[in-house]
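Some notes on the structure that comes next.
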Amino acid sequence: MLVYDTGRWSRTLGFIALMTLFFVCGFPANAAAEENTLRFPPVTVLQGDTGTFGLSLTNDTLVTGVQVRFTYAMPGFHIHDVTLTSRTTGYDPPLWQMTSLDSGTLEVEVILFSQYGAAIIPGNGDILTFHYQTSADVAGSTSLTLTESVLADIALQPLAINVVQGSVTVCNQDHYQFLDIRNAPVQVWFTPVPEPATIALFAGGLLLLFVMVRKRH
């Protein structure tokens, strides 16, 4: 038999309703003025690859709820999962959805909330991890644009936010090459061939070392 904690579910639904209200109506004029910054990094990706990037939060006060909405426009770059980090231990798995807009832009919305009253302590670091996969023909670059952001304190009051936009850029794979040694990928960088003078200097050093070893014996 399943037993539901109606109080916790009520807080969850109340938080979602409150965040929706803030999205539609905007922040109250007395929103707290602490320094809180949400930041996306510049992300470099490869064709036909998988990886992760984070959404970081720098906060000066306890944060209990987060809701963000961001867009990007890059066919072949697909976000397929959103997970917690060490800063959001105790939170419920993120609620998230992706929507394709008429312009071809993809919009991602994420809600982060804890039924158990967990809070993100003041500090700096990733609060969400986004998992992505790229197609074999993905190319170009796009911005990760935070279009709407809400932070709530432990009293479910909104906090003032600064945002730093990110980007996704496909790396030029002509600059490196991969070898497979015992099923382990190894990245190899190719360096220029040494100049003749460098080779001569190196050979001279080896000859001198050989003569010294011979004298010792």
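The values are calculated or read from the model by the stated rules, or taken from the named source; none is laboratory data. What you are looking at is a predicted structure, and each value in this text was computed from that prediction instead of being measured. Glycine gets a Cβ as well: all are built from the backbone with ideal geometry, and neighbour counts include every protein chain shown.
Would a scan of region 91-102 turn up a residue that is among the aliphatic types (A, V, I, L, M), surrounded by 15 or more Cβ atoms within 10 Å (Cβ to Cβ) and under 15 Å from GLU148 (Cβ atoms)?
No, region 91-102 has no match at all.
Under 7 Å between Cβ atoms, at least 6 apart or on separate chains: pull out the pairs that start in region 154-165 with a residue that is surrounded by 14 or more Cβ atoms within 10 Å (Cβ to Cβ) and end on any residue that is in a strand (DSSP E or B) and modelled with pLDDT under 95.
Hits for this filter: GLN157/ALA32; LEU159/ALA32.
If you scan region 77-89, which residues turn out to be at pLDDT 95 or above and farther than 17 Å from VAL150 by Cβ?
PHE77, HIS78, ILE79, HIS80, ASP81, THR83, LEU84, THR85, SER86, ARG87
Taking VAL66 as the residue in question, decide whether it is within 20 Å of SER143 (Cβ to Cβ), in contact with a strand residue (DSSP E or B) (Cβ under 7 Å, 6 or more places away or on another chain), surrounded by 14 or more Cβ atoms within 10 Å (Cβ to Cβ) and aliphatic (A, V, I, L, M).
no
Return yes when VAL108 is surrounded by 14 or more Cβ atoms within 10 Å (Cβ to Cβ), aliphatic (A, V, I, L, M) and outside any loop (DSSP other than H, G, I, E, B) and no when it is not.
yes
From the list GLY125, GLY166, GLY140, GLY104, which one is under 24 Å from VAL82 (Cα atoms), modelled with pLDDT under 95 and either assigned by TED's automatic domain parsing to the domain that holds ASP49 or within 24 Å of the chain's Cα centre (by Cα) (or both)?
GLY104
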